[in-house]
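> Got a structure for you, written out below as structure tokens; questions coming shortly.
Values in this text are rule-based calculations from the coordinates and carry no lab data. Note that the structure is a prediction, hence the values are computed from the model and not measured. Quick reminder, even Gly has a Cβ in these numbers, built from the backbone with ideal geometry, and neighbours come from all protein chains shown.
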Amino acid sequence: MTDIMVAESDTIPIQKIISVACRNYMAFDGLHTFNFDKGINTIVGGNSSGKTSLVRVISQALSGRTTSPWGGNWHPSYSTDECLIEMRFIADDKEHYLRRVMLGDLTTDLHLYVGEGDGRDFYRDGGVIEYFKKLKPITTIDGFETSRKDFYFWTSGTTVEVNPLFSKSKEHIALINQFLPMAKSRVRTLRIVGNDVMAEYRNGQLRHLSTLAGGDGKIIFVIAKIVNLMQDIENNTLSKVILIDEIDLGLDKAKVDGLYGVFEELANEYGCQFMITSRFVNGRLNPIRANKARIPRYYVDESNQNLRQMIKNYVNSRPSSLIFKSPPYSVKTTTKTKFKKGSFKWNP
């Protein structure tokens with residue numbers, strides 16, 4: 001199979017992802033299955049637990065490329081063992097079932113069923129790639145911190161000031177102000193003063209956006225970007241699935257809680273499905289745990305088999321879920337997933 005990019009002739013928006021399963025892919029040893037609800041889905045877990053891996057599993061499943069863009073699937077035996085991704089999703093009011101088998105970076109088998117029952121359509125390999133050209137891509141925001149440069153511009157002069165690109169859009173400011181109170185921010189509203197956007201605090205103080213504290217500025221930035229995205233989805237009939245990774249960097253739990261109120265309202269108003277990664281567990285909407293211990297990637301080195309095996313034995317001997325609290329901490333154990341090698345048997 002050749003490496004084919006998704007064409008821009010997409011016509012069918014993806015309405016909802018029902019479930020995703022993967023075996024031996026990125027951070028996931030063995031078979032893991034994740035079911036998603038409409039509205040908000042929160043992928044929770046600590047560092048290196050698999051949150052980002054799950055986001056990339058979803059992106060890779062729907063990719064029109066037959067080679068992975070991430071330089072290997074991260075599994076210690078990715079060059080010799082097959083890995084598998086399966087997905088069920090709704091598009092054009094029809095259920096789709098997708099199965100992708102990979103060896104290392106290369107997709108070796110690709111199946112797609114569209115519809116249900118005897119009347120469903122079947123596509124394979126190149127036919128699936130062609131079908132993907134009809135699908136409107138889902139939106140992935142990989143870290144709001146890194147995406148600021150796509151949304152802000154810098155003014156000229158020796159003093160560095162920052163103005164958002166929505167500074168001359170009264171309609172956009174009004175939409176942000178509609179959702180800002182739900183975020184429980186110290187900023188009450190945004191006001192356009194001349195060519196600048198000013199933040200009005202609850203005590204009446206006016207401050208330029210470039211002078212806001214990091215948390216307050218990021219809340220406004222996140223709301224502005226998501227509201228802009230919702231308008232784009234609505235106006236251009238885009239796919240209604242949004243993947244957001246690392247939303248809570250630089251925010252405390254209270255500010256993240258406030259943002260979730262905004263996302264919930266947006267999901268209800270626009271009928272969108274959000275997949276959001278978060279290091280906070282308590283109080284999250286539809287939490288999906290991705291906390292499977294794994295061998296750090298820097299230990300995956302064929303030249304040091306003894307060290308690899310020692311660490312793998314240690315990881316497999318530990319509880320598969322650890323929840324650390326302020327000392328003394330408690331440990332929660334769950335059933336381990338057994339690792340099995342071999343080919344995959346599939347009966348659709």
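> How much length is gained on full extension from residue 67 to residue 18, taking 0.36 nm per residue of separation minus their Cα-Cα distance?
Net length gain for the segment: 15.2 nm.
> Taking neighbour counts of Cβ atoms within 10 Å as a proxy for exposure, in what order, fewest first, do 93, 252, 109 appear?
93, 252, 109
> Determine the sum of side-chain charges near residue 207: Lys and Arg each +1, Asp and Glu each -1, restricted to other residues whose C-beta is under 10 angstrom from that of residue 207.
Values: positive: none; negative: 200, 216.
It works out to a net charge of -2.
> In nm, give the distance between the simple-model label positions of residue 134 and residue 234, each being 7 Å from the Cα along the Cα-to-Cβ direction.
Between residue 134 and residue 234, the simple spin-label model gives 2.9 nm.
> Determine, from the Cβ-Cβ distance of residue 116 and residue 254 and an R0 of 35 Å, the FRET efficiency 1/(1 + (r/R0)^6), rounded to the nearest 0.05. Intermediate results must be reported in sequence, preceding the final value.
Numbers: r = 44 Å, r/R0 = 1.27.
For residue 116 and residue 254, the calculated efficiency is 0.20.
> If each residue of separation counts as 0.36 nm, what is the full-extension length gain between residue 213 and residue 178 once their alpha-carbon separation is subtracted?
The residue 213-residue 178 span can extend by a further 10.5 nm.
> In a shell of Cβ-Cβ distance under 11 Å around residue 271, excluding residue 271 itself, what net charge do Lys and Arg (+1) and Asp and Glu (-1) give?
Numbers: positive: 16, 38, 240; negative: 234, 269.
Cβ neighbours under 11 Å give a net charge of +1.
> Further, regarding this structure: What distance in nm lies between label points placed 7 Å from Cα along the C-beta direction at residue 31 and residue 11?
Here the answer is 3.7 nm between the modelled labels.
> Multiply the residue gap between residue 268 and residue 124 by 0.36 nm, knock off their C-alpha separation, and tell me the result in nm, one decimal place.
Length gained between residue 268 and residue 124: 48.3 nm.
> I would also like to ask the following. Sort 221, 122 so that the residue with the fewest other Cβ atoms within 10 Å of its own Cβ comes first and the one with the most comes last.
Taking fewest neighbouring Cβ atoms as first place, the list is 122, 221.
> Could you pull out the pairs from 51/184; 136/255; 170/218; 94/134 whose alpha carbons sit more than 24 Å apart here?
Beyond 24 Å between Cα atoms: 51/184; 136/255.
> OK, next. Order by neighbour count: 249, 238, fewest other Cβ atoms within 10 Å first, most last.
In order of increasing Cβ crowding within 10 Å: 249, 238.
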